[in-house]
Every structure is written in structure tokens, then in C-alpha cells.
Amino acid sequence: MGIVSRDVARMGYGLGSLARAASSGADRDAVFYPSKVGARPLPEGPAPMTAAQKPSELPDAVHENLRSLGTDHLDVVYLRRMDM
């Protein structure tokens, strides 16, 4: 028995909308959604993302992932630690 897990984080190679489409119609308890928070897009900056690790920024990132995935909970939330 194994688990298939995909990165569904909003940043970079995240598959939020693809994961939502792929799991459409599936029993939510049969789908495992891990995701990451701690960065936000910075399309016009020197790097494609910037840190977003303040306590006030983390709930917004979680809610964006929930919206993108069309679900009411994430099974695991990882904090992307960006030491700069």
C-alpha cells in the first residue's frame, strides 16, 4: 500500500488547480492534501518569490491554498523556511 502525494502549494511548481480537477468527485477523505506556506509570489522582483513568514501572513496563505484546492482543510501544512 502506498500514498501518492503531489506538491499543491501555490508557489512555483504547485499544482493547486490541477489537483482540484484530478480529485473532483473523489471522496475527500480519500484525498491527502499537503501544502506549504511561507512565501508569496514576487513576479517582478529579482527572485520569483519572497518570504511571507510573519504570523499575520500565514493564515492568508492557508486560505488561498484552501480556495485553490476547493477544500475545507489541508492534511499537512509545511512552513517554507527562507533564511535570507
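The values are calculated or read from the model by the stated rules, or taken from the named source; none is laboratory data. This is a predicted model, so every value here is computed, not measured. Heads up: the accessible areas ignore ligands, DNA and RNA and are worked out on the full protein's heavy atoms, side chains in. Shrake-Rupley method; radii C 1.70, N 1.55, O 1.52, S 1.80 Å.
Taking region 27-84 as the range and being among the aromatic types (Phe, Trp, Tyr), open to solvent by 50 Å² or more (accessible area, probe 1.4 Å) and part of a loop (DSSP other than H, G, I, E, B) as the test, only Phe32 passes.
Residue check, Met11 against (1) open to solvent by 50 Å² or more (accessible area, probe 1.4 Å); (2) modelled with pLDDT under 65; (3) within 10 Å of the chain's Cα centre (by Cα); (4) among the hydrophobic types (A, V, I, L, M, F, W, C), all met but one. Which one? That leaves (1) as the condition not met.
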